[in-house]
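Student: My structure is below; once you've seen it, I'll send some questions.
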Amino acid sequence: GVVGLQPATALAFDPQAELLWAGDWKGRVASFANRELRRYTAFKIQIDPTEGPVQQFLFHEKGVIVLGRRVVHMAMRRGPVLWNIRHEGMKDLRCMSFTSKGASEILVAGWQDTMFVIDVVKGEVTKQVPAPHHYKIMKRGRYICAATETGRIDIVNPTTFKVEKEWQAHQSYINDMDASGDYIVTCGGSYKQQGPGSSSRVPDPYVNVYDLRNMTSIQPMPFPPLAAYVRLHPRMLTTTIVSSQQGQMHVVDIMNPNTTNIRYAHLQASINLFEIASSGRALVIADNDRNIALWGSPSDGIQFTNIGAPITFPEPEEPAPHVDWSVDAPLSTVGMPYYYGTMLFSAWPADIISDAGAPPPQVDPALLATLNKTEFGYFGPNKTGLRRNQIEDTRASKASNKLQAPKFLSERARDGPVTDSHVDQETLAQDAAESLKPEPPP
Amino acid sequence: EQQYWLAREIENGRIARNVMKLSVILERGDLGSQSNWSEVGDRFQLKLFRDYVFHRVDASGKPDLGLGHMLSCMSKLDAGVDEQIMLTSRDNETVFVITYRELRGMFERAFNELMKFSKSP
């Protein structure tokens, strides 16, 4: 199958679900289900698309961990986020690996001087560790194998994060690396100077191999078409799949490198990403022309995981019954689905106090004067000194309220100037009626 | 006859309380961390559910005001059924697959958080 999308910057088969995960240069992630690569879920790991590409995926039973340049994100396979970690020290992350604590802890590193240890379950940074070197690729074998930008592999203790051994695998750079329990395999090369300030990569015509049990490099596997990508077969422990930049693939045994099985991928453009599924029964190649090609044996059945349980999609919803917006249409037309032994969401907590019957809050006339009048009302900044929508205690503030309840005539007469004998009864009555009206704007 | 009216009123109350609870929770943006509600936050799916229920459009982009859909979605949320639905963001770059049961749990957590804040001294 071939899927067109933005050029992928990271690609990985999920070892626990029939999903292929792809990330792009804007920090977007999409998953593709089953061998048809039907688009399943999608999410973003960062709000700002210019923060950099998706770098790497790791998989946990609860979800997928996605590394960006400045963020580590964990989401459920079905999409919703579990956690999203940002830290000011996360400046240019490039790679990550599980540590000695199984899948419950990861180490993240990059082109920066600090590495972070993250508790996957809690979603917290638990430790910061100085980075011995800047790293671009990490793979977990017996140790954490970390490739530097200078062609070297650091073999890092997964408990102490100290470098146990260094191995100069290639002269100048490492293009790809894989590690399993016992072996590290690498593709890389040297730089050739092309005049002042520019150089080009010259890939080595072999794959380098390191034995992690004996801590020693062993005989390289020759690859005349120039090795660009390499993966260890997940089931056949000494078998590797090597590919050139153009898609010539060799299946080679580390123990017996002179017998090879050759395949050609017909690509529109050079290879960008290359991955093998944990079942060993599917292979994916992304090229620079935005194609993702899935390889496998049609007769054996292409399967990503050992379990092979296919991903299911939501059933199309049943059409809901038609309900009128008319006043007479009963809202009970659509009943409840079957439910049992559960608290309904509509259950309202009993201990919320509702106050009813307080006089409504009034707008202070002095405040109205600060607002601009338009035909639809008044507008302007909030200068009440209160929060937006803050509750006012209209009962308690009654005494100090400038707007008092209308008075009876008798009360008015009592309050009025007693010395004035010429109280015009008619004016008084008018005043009283006026005070019953809502407060006019000044 | 009386039973019919009683059932109807109970149903109306239930729906009204559901809608009020959703309205209390969504688009506040004043409590807790704002980033929870962003595209990379753990509350984003609650906004997407509101869109799924109330902001539907047909193929030509016209608003679909079918009450039946709204009522049936609210009832399923109320009961927290295991049916899966697909929630999609406006830019189509976020697609979640989620059950009503999970959504109800998430809405309840958000509501309980508001309750906790409302009671804190």
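Student: Scan around residue A:217 for amide H atoms under 5 Å from its own, H built in the peptide plane at 1.01 Å from N, and keep only partners 5 or more places away or cross-chain.
Tutor: For residue A:217, whose amide H was placed from the backbone, the distant partners under 5 Å are A:211.
Student: How high is the FRET efficiency between residue A:193 and residue B:109 when r is their beta carbon distance and R₀ equals 56 Å, given to the nearest 0.05?
Tutor: 0.40
Student: Sticking with this structure for a sec: Please list the non-local residues whose amide H lies under 5 Å from the amide H of residue A:114, H modeled 1.01 Å from N, same-chain partners needing a gap of 5 or more.
Tutor: Here A:131 satisfy the definition.
Student: Anything over 19 Å Cα to Cα? Flag those among A:139/A:165; A:101/A:127; A:122/A:162; A:91/A:162, in the order listed.
Tutor: Pairs exceeding 19 Å: A:122/A:162; A:91/A:162.
Student: Still on this model: Bin width 5 Å, origin at 0, all Cα-Cα pairs of the range A:1-103: what percent of pairs per bin?
Tutor: Once binned at 5 Å, the Cα pair distances of the range A:1-103 give 2, 14, 25, 26, 19, 10, 3, 1, 0.
Student: Taking a spot 7 Å from the Cα of residue B:58 along the direction of its beta carbon, which residues of the range B:87-102 have an amide N less than 14 Å from it?
Tutor: Nothing falls inside the zone, counting backbone N under 14 Å.
Student: Please work out how much length the chain gains when fully extended from residue A:129 to residue A:255, using 0.36 nm per residue of separation minus the C-alpha to C-alpha distance, in nm with one decimal.
Tutor: 41.7 nm
Student: Amide H of residue A:281: which non-local residues (sequence gap of 5 or more, or other chain) have their own amide H closer than 5 Å, using H built in the peptide plane?
Tutor: For residue A:281, the qualifying residues are A:303.
Student: Starting from the Cα of residue B:21, draw a straight line to each of the aspartates and glutamates and keep only those under 13 Å, dropping any in the same chain fewer than 8 residues away.
Tutor: Here the aspartates and glutamates satisfying the reach criterion relative to residue B:21 are B:78, B:108, B:113.
Student: Convert each backbone phi in the range B:10-17 into a coupling constant with the Karplus relation 6.51 cos²θ - 1.76 cosθ + 1.60 (shift: θ = phi - 60°), then list the ³J(HN,Hα) values in order as whole Hz, x for Gly and Pro.
Tutor: Along the range B:10-17, the couplings run 4, 4, 4, x, 4, 5, 4, 5 Hz.
Student: Now a separate question. Over chain A, what is the relative contact order in whole percent, taking alpha-carbon pairs under 8 Å and six or more residues apart?
Tutor: RCO, chain A: 9 percent.
Student: Report, to one decimal in Å, the Kirkwood hydrodynamic radius for the range A:219-316 based on all distinct Cα pairs.
Tutor: Kirkwood radius, the range A:219-316: 14.6 Å.
Student: Then there's this: Roughly what would the spin-label model give for residue A:164 and residue B:26, points 7 Å off Cα along C-beta, in nm?
Tutor: Rounded to a tenth, the inter-label distance reads 5.4 nm.
Student: So, one more: Where Rh is the Kirkwood radius over the Cα pairs of chain A, the temperature 10 °C and the viscosity 1.306 mPa s, what D in µm²/s does Stokes-Einstein return?
Tutor: 57 µm²/s
Student: Let me ask something else. Through the Karplus equation 6.51 cos²θ - 1.76 cosθ + 1.60, θ set to phi - 60°, convert the phi angles of the range A:121-138 into ³J(HN,Hα) values in whole Hz; use x for Gly and Pro.
Tutor: 6, 7, x, 9, 6, 9, 7, 10, 10, x, 8, x, 9, 7, 10, 10, 9, 10
Student: Project the alpha carbons of chain B onto their principal axes and report the range along each, largest first, in whole Å.
Tutor: Extents along the principal axes, in whole Å: 51, 50, 25.
Student: Round to the nearest 10 and give me the degree value, 0 to 90, for the angle of helix A:425-436's Cα axis relative to the longest principal axis of chain A.
Tutor: 20 degrees
Student: Oh, and also: With a cut-off of 8 Å between alpha carbons and a minimum separation of six or more residues, what is the relative contact order of chain B in percent?
Tutor: In percent, rounded to a whole number, it is 22.
Student: How much length is gained on full extension from residue A:340 to residue A:269, taking 0.36 nm per residue of separation minus their Cα-Cα distance?
Tutor: Difference between extended and current length: 19.9 nm.
Only the coordinates and a few stated rules stand behind these numbers; no lab work does. All values reported here derive from a predicted model rather than from experimental measurement. Because the Cβ atoms are built from the backbone with ideal geometry, glycine has one as well, and the counts that use them run over all protein chains shown.
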